[in-house]
Amino acid sequence: MGDILDEATTLIRCKECPWYKNCIVPVHASVDDVEQFRMMLQSASLPEQTREEIGRILESIASASQDVILQSCPVFTKRLKDNPKLAQRIKEMMQRWGQEE
């Protein structure tokens, strides 16, 4: 009975979730985000050269993260953690993506 209630709760949480039907999205670091980091660096008591170097590193990370890092909704994340077979099936689907069956 607990499994049924857990699944029902998960379904309800999923439909009420602001991520509904958008379980995974790429991370987006906007120009404003990078600028905010730069402003924080300006207020730090670091040498100018160090601040510039950190700024360049942050820009590189922000750019690279958009191609590598994904955000996922908490329900989807929990489902993947609770069900390794589901994660394996998704991995296999992605590995076969585009292949004729």
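The values are calculated or read from the model by the stated rules, or taken from the named source; none is laboratory data. It should be emphasised that the depicted structure is a prediction, and the values quoted were computed from it without experimental measurement. Here the Cβ positions follow ideal geometry from the backbone for every residue, glycine too, while neighbour counts run over all protein chains shown. Remember, those area values only see protein heavy atoms, side chains included, never the ligands or the DNA or RNA. Shrake-Rupley method; radii C 1.70, N 1.55, O 1.52, S 1.80 Å.
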**OP:** Go through (1) at pLDDT 80 or above; (2) farther than 23 Å from P18 by Cα; (3) touching a helix residue (DSSP H, G or I) at 6+ places or on another chain (Cβ under 8 Å) one by one and return the number of the condition A62 breaks.
**Re:** (1)
Original post:
Which pairs have Cβ atoms under 9 Å, sit 6 or more apart or on different chains, and link a residue in segment 34-54 that is among the β-branched types (V, I, T) to one that is open to solvent by less than 60 Å² (accessible area, probe 1.4 Å)?
Top reply: V34/G55; V34/L58; V34/A62; T50/L41; T50/A44; I54/L41; I54/A44
Subject >> Qualifying positions in segment 1-59 - in a helix (DSSP H, G or I), of a type in the set (K, R) and within 27 Å of P74 (Cα to Cα) >> reply: R13, K15
Subject >> Test: residue in segment 70-79 that is among the aromatic types (F, W, Y) and in a helix (DSSP H, G or I) >> reply: yes
Original post:
When the residues of segment 60-76 are filtered to those that are free of Cβ contacts under 8 Å to residues at least 40 places away in the same chain and more than 10 Å from the chain's Cα centre (by Cα), which remaining residue is most open to solvent (accessible area, probe 1.4 Å)?
Top reply: I61
